[in-house]
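First the structure, in the form of structure tokens, and then the observations on it.
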Amino acid sequence: MRLALFDLDNTLLGGDSDHAWGDYMCERGILDRAAHKARNDQFYEAYLAGTLNIAEYLNFSLELLGRTDMEQLAQWHQEFMRDRIEPIILAKGEALLAEHRAAGDKLVIITATNRFVTGPIAERLGVDHLLATECEMQNGRYTGRTTDIPCFQGGKVVRLQRWLDETGYSLQDSYFYSDSINDLPLLEQVTHPFAVDPDAKLLAEAQQRGWKIISLRD
């Protein structure tokens, strides 16, 4: 069975779910708008530039999870899905998922964004397999810390290889769709790399390497 791997943010979504979650919490008054949004924007710019310090960002972004009970987080996320995620789900992205699903391919979303944010999104998109940055839990709630290797840059390759070893799948005749230069290490591993509405750095790499460049935007 062929693997079809998909980045999530700015690939299947017309925006970044991780950044949107922080902004949404600021808009709701749950996080301090001035202080949090400015730092959130700085981290996002670093991500786009391929220079993000992932450990610093995770300490920043997961702090809210560690001080909020699970019931409240679930309610906020449900409202976040309605208000921020549904409007940026790309119809062409859903059509691409359906095309691979109809071909009998195994669909996997592999994203640097944490599982709390992305788990319900993957479920909404009908993708059963999600590799994401993991959030540590103790005694039935989040600690505000990450655990395992962040699913970011080369960490995506490591996490995917572990999953391949566990499941018996392989990258033979595999696909990976991504918008970001941060995913270059994984794009280099698959049979069919696709640059999807790519950032400037990935666009240059894709053109140089002869990779397919597509758009899922209207």
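The values are calculated or read from the model by the stated rules, or taken from the named source; none is laboratory data. Small disclaimer: the values here were computed from a predicted structure and weren't measured. So basically every Cβ, Gly included, is an ideal-geometry build from the backbone, and we count neighbours across all protein chains shown. For accessibility, only protein heavy atoms count, side chains too; no ligands or nucleic acids. Shrake-Rupley method; radii C 1.70, N 1.55, O 1.52, S 1.80 Å.
Quick grid of which residues meet (1) under 26 Å from Asp148 (Cβ atoms); (2) aliphatic (A, V, I, L, M):
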| site | (1), (2) |
| --- | --- |
| Arg67 | yes, no |
| Met70 | yes, yes |
| Glu86 | no, no |
| Ala98 | no, yes |
| Gly104 | no, no |
| Leu107 | yes, yes |
| Thr111 | yes, no |
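Of the residues screened, Arg145 is not one that is open to solvent by 30 Å² or more (accessible area, probe 1.4 Å), of a type in the set (Lys, Arg) and not in a strand (DSSP E or B).
Hey, can you tell me all the residues within region 205-216 that are assigned to a helix (DSSP H, G or I) and either in contact with a helix residue (DSSP H, G or I) (Cβ under 9 Å, 6 or more places away or on another chain) or of a type in the set (Lys, Arg) (or both)? It would help to see each step written out before you state the result.
Step one: list which residues in region 205-216 are assigned to a helix (DSSP H, G or I), which gives 205-209.
Hits for region 205-216 are Glu205, Ala206, Arg209.
Given the structure, is Val127 closer than 16 Å to Ile30 by Cβ and β-branched (Val, Ile, Thr)?
On the way: closer than 16 Å to Ile30 by Cβ: no; β-branched (Val, Ile, Thr): yes.
The answer is no for Val127.
Scoring Ala122 on the criteria (1) open to solvent by 20 Å² or more (accessible area, probe 1.4 Å); (2) within 19 Å of Val196 (Cα to Cα) leaves a single failure, condition (1).
Here region 71-90 is the region considered, the condition is being acidic (Asp, Glu) and either surrounded by 18 or more Cβ atoms within 10 Å (Cβ to Cβ) or touching a helix residue (DSSP H, G or I) at 6+ places or on another chain (Cβ under 9 Å) (or both), and the residue that is farthest from Leu31 (Cα to Cα) is Glu86. Kindly evaluate Gly93 against the criterion of being under 30 Å from Ser174 (Cα atoms) and open to solvent by less than 20 Å² (accessible area, probe 1.4 Å). Against the criterion (under 30 Å from Ser174 (Cα atoms) and open to solvent by less than 20 Å² (accessible area, probe 1.4 Å)), Gly93 qualifies.
Quickly run through region 156-179 and pick out the residues that are closer than 16 Å to Lys212 by Cβ and either open to solvent by 20 Å² or more (accessible area, probe 1.4 Å) or assigned to a helix (DSSP H, G or I) (or both). Don't jump to the end; show me each part of the working.
Filtering region 156-179 for residues closer than 16 Å to Lys212 by Cβ gives 173-179.
Correct list: Asp173, Tyr175.
Of all residues in region 120-131, those that are free of Cβ contacts under 8 Å to residues at least 60 places away in the same chain have Cβ atoms under 9 Å from Cβ atoms of residues that are of a type in the set (Phe, Trp, Tyr) and open to solvent by less than 10 Å² (accessible area, probe 1.4 Å), 6 or more apart or on another chain, in Pro120/Phe80. For Gly29, the conditions (1) within 23 Å of Glu79 (Cα to Cα); (2) in a loop (DSSP other than H, G, I, E, B); (3) touching a Lys or Arg at 6+ places or on another chain (Cβ under 8 Å) are fulfilled apart from (3).
Within region 99-123, how many residues are of a type outside the set (Lys, Arg), farther than 16 Å from Ser215 by Cα and part of a helix (DSSP H, G or I)? Talk me through it step by step, then tell me what you get.
Of the residues in region 99-123, the ones of a type outside the set (Lys, Arg) are 99-100, 102-105, 107-114, 116-123.
Right, trim to farther than 16 Å from Ser215 by Cα and you get 100, 102-105, 107-114, 116-123.
Okay, now just the ones that are also part of a helix (DSSP H, G or I), so 100, 102, 116-123.
Here the count works out to 10.
May I ask you to list the residues in region 180-204 that are aromatic (Phe, Trp, Tyr) and in a loop (DSSP other than H, G, I, E, B)? Walk me through it before giving the result.
Going residue by residue through region 180-204, those that are aromatic (Phe, Trp, Tyr) are 194.
If the condition is that a residue be aromatic (Phe, Trp, Tyr) and in a loop (DSSP other than H, G, I, E, B), then no residue fits.
Those residues that are open to solvent by 20 Å² or more (accessible area, probe 1.4 Å), touching a residue at least 60 places away in the same chain (Cβ under 8 Å) and out of contact with any Gly (no Cβ under 9 Å at 6 or more places or on another chain), I need them from region 50-70; list them, please. The answer is Gly50, Leu52, Ala55, Asp69. Just so you know, in region 7-48 the residues that are of a type outside the set (Val, Ile, Thr) and touching a strand residue (DSSP E or B) at 6+ places or on another chain (Cβ under 7 Å) include one that is farthest from Ile85 (Cα to Cα), and it is Asp7.
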